[in-house]
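Participant: First, the structure itself, so that you have it in front of you.
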Amino acid sequence: MSAVALSPQVFSILSGLIEERTGIHYGPDDRALLAEKLEPRALERGFESLLDYYYYLRYDPGAAAELAQLVDALVVNETYFFRERAALDIAIDVFVTELVRAGMRPRIWCAACATGEEPLTLAMLLDAAGLLDAVTLVASDISGKALAHAREGMYFRRSLRALPPDVAGRWLVPAGNGMRVERRIAQAVDFRRVNLVEQAEVAALGQFDVVLCRNVLIYFSDTTVESVVAALARALRPKGRLIVGASESLLRFESGLICEERAGAFFYRKDDK
Ligand SMILES: C[S@@+](CC[C@H](N)C(=O)[O-])C[C@H]1O[C@@H](n2cnc3c(N)ncnc32)[C@H](O)[C@@H]1O
């Protein structure tokens with residue numbers, strides 16, 4: 001057993017604190033997984049027990065900075081270019097195009113963008129459709145480390161595994177043993193740090209025509225999903241669309257949004273009133 005083992009009791013209060021601050025839910029079966037992430041962090045910071053670490057995170061004036069670092073270690077940033085592309089194509093070809101034709105400037109938000117591959121894919125597809133300059137594209141994540149990577153714009157094999165053949169050379173330029181996103185594409189995305197469970201942070205971004213919140217709700221409990229989706233619904237303009245991951249569904253929640261299916265992809269539309 002390690003010097004700072006995670007007992008069921010301390011697991012309960014630490015996982016509760018993490019869920020309260022980030023939404024990320026750890027059930028009793030996740031104790032070993034959470035211990036694996038917390039123990040090295042607590043040891044590195046010189047704590048003799050995870051209970052001491054808990055008190056620090058709960059009450060110390062330095063807690064916010066420590067929690068931000070801990071979040072970087074806890075979150076799963078798995079993502080890649082052109083992931084679940086069908087929904088992105090429809091969002092651009094149908095919703096964004098309609099708004100631009102009507103003389104509007106659509107606002108699009110990728111609400112858990114990890115290391116940036118999703119909003120950068122959107123920027124590439126918007127560019128291909130001649131719409132890149134006609135929209136505002138905001139992307140956010142809770143993880144400062146993931147956002148630093150996104151701003152750096154360098155990607156390697158794991159992120160590039162589903163790249164269509166015409167993309168390399170067009171929007172991604174070979175650099176070392178990876179690829180760098182072309183400057184015009186990178187500059188089109190406004191990266192921000194936003195915690196989805198902090199409703200004031202979500203509200204401060206204003207309203208959007210398209211919100212993508214993909215492959216993050218799976219880490220939250222149903223109660224958290226309900227309150228995050230309510231905040232995202234408030235962040236939609238009338239007729240705006242919320243897009244979640246292909247394996248996520250909002251049908252069991254009372255979101256007030258109307259589900260529509262197009263070419264196998266699901267969209268949740270805000271009423272036009
Ligand atoms: C698996 S990635 C999904 C990336 C991308 N949306 C995709 O579908 O490929 C999940 C992301 O959610 C972020 N995340 C987790 N909790 C969050 C929260 N409370 N607020 C904002 N982002 C959060 C993580 O930092 C991580 O980058």
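Participant: Find the helices (runs of 4 or more DSSP H) located wholly in the range 162-273 whose residues include 2 or more that are within 26 Å of Gln69 (Cα to Cα), and list them.
Facilitator: Answer list for the range 162-273: 199-203, 222-234.
Participant: Going by what's in this entry, would Ala148 be described as modelled with pLDDT of 95 or more and part of a loop (DSSP other than H, G, I, E, B)?
Facilitator: Details: modelled with pLDDT of 95 or more: yes; part of a loop (DSSP other than H, G, I, E, B): no.
Criteria not met by Ala148.
Participant: What number of residues in the range 1-44 are within 15 Å of the ligand (Cβ to nearest atom) and not assigned by TED's automatic domain parsing to the domain that holds Ala65?
Facilitator: 0
Participant: Return the pairs, sorted by first residue and then second, in which the second residue is part of a loop (DSSP other than H, G, I, E, B), the first residue lies in the range 233-257 and is modelled with pLDDT under 95, the beta carbons are less than 6 Å apart, and the residues are 6+ apart or on different chains.
Facilitator: Ala246/Glu84
Participant: Tell me which of these Pro28 doesn't satisfy, since it passes every other one: (1) crowded, with 19+ Cβ neighbours inside 10 Å; (2) modelled with pLDDT under 95; (3) not polar (S, T, N, Q).
Facilitator: Unmet condition: (1).
Participant: Are any residues in the range 140-159 touching a strand residue (DSSP E or B) at 6+ places or on another chain (Cβ under 6 Å) and of a type in the set (A, V, I, L, M), and if so, which ones?
Facilitator: Selection gives Leu147, Ala150, Met154.
Participant: Restricting to the range 166-221, what's the tally of residues that are of a type in the set (S, T, N, Q) and without any contact (Cβ under 8 Å) to a residue 12 or more places away in the chain?
Facilitator: The qualifying residues number 1.
Participant: Taking only the range 166-205 into account, find how many residues are surrounded by 15 or more Cβ atoms within 10 Å (Cβ to Cβ), farther than 14 Å from Ser140 by Cα and among the acidic types (Asp, Glu).
Facilitator: 1
Participant: Can you tell me which residue is nearest to the ligand (Cβ to nearest atom) among those in the range 72-93 that are hydrophobic (A, V, I, L, M, F, W, C), in a helix (DSSP H, G or I) and under 22 Å from Ser247 (Cα atoms)?
Facilitator: It comes out as Leu74.
Participant: If you don't mind, there's one more thing I want to ask. Taking the residues in the range 216-270 that are on the phi > 0 side of the Ramachandran plot and in contact with a helix residue (DSSP H, G or I) (Cβ under 8 Å, 6 or more places away or on another chain) as candidates, determine which candidate is farthest from the ligand (Cβ to nearest atom).
Facilitator: Gly256
Participant: Here's another thing I want to ask about it. May I ask you to say which residue of Leu122, Leu137 is part of a helix (DSSP H, G or I), in contact with a strand residue (DSSP E or B) (Cβ under 7 Å, 6 or more places away or on another chain), within 16 Å of the ligand (Cβ to nearest atom) and outside the structural domain of Gly23 (by TED's automatic domain parsing)?
Facilitator: Working: Leu137 fails: part of a helix (DSSP H, G or I).
Just one listed residue meets the conditions, Leu122.
Participant: A further question follows. So how many residues does the range 134-159 have that are under 29 Å from Gln199 (Cα atoms) and either without any contact (Cβ under 8 Å) to a residue 24 or more places away in the chain or polar (S, T, N, Q) (or both)?
Facilitator: Number of matching residues: 5.
Participant: Just one of (1) buried (at least 21 other Cβ atoms within 10 Å of the Cβ); (2) of a type outside the set (Lys, Arg); (3) within 14 Å of the ligand (Cβ to nearest atom); (4) assigned to a helix (DSSP H, G or I) trips up Cys113, so point out which.
Facilitator: (4)
The values are calculated or read from the model by the stated rules, or taken from the named source; none is laboratory data. Since this is a predicted model, take the numbers as computed values, not measurements. So basically every Cβ, Gly included, is an ideal-geometry build from the backbone, and we count neighbours across all protein chains shown.
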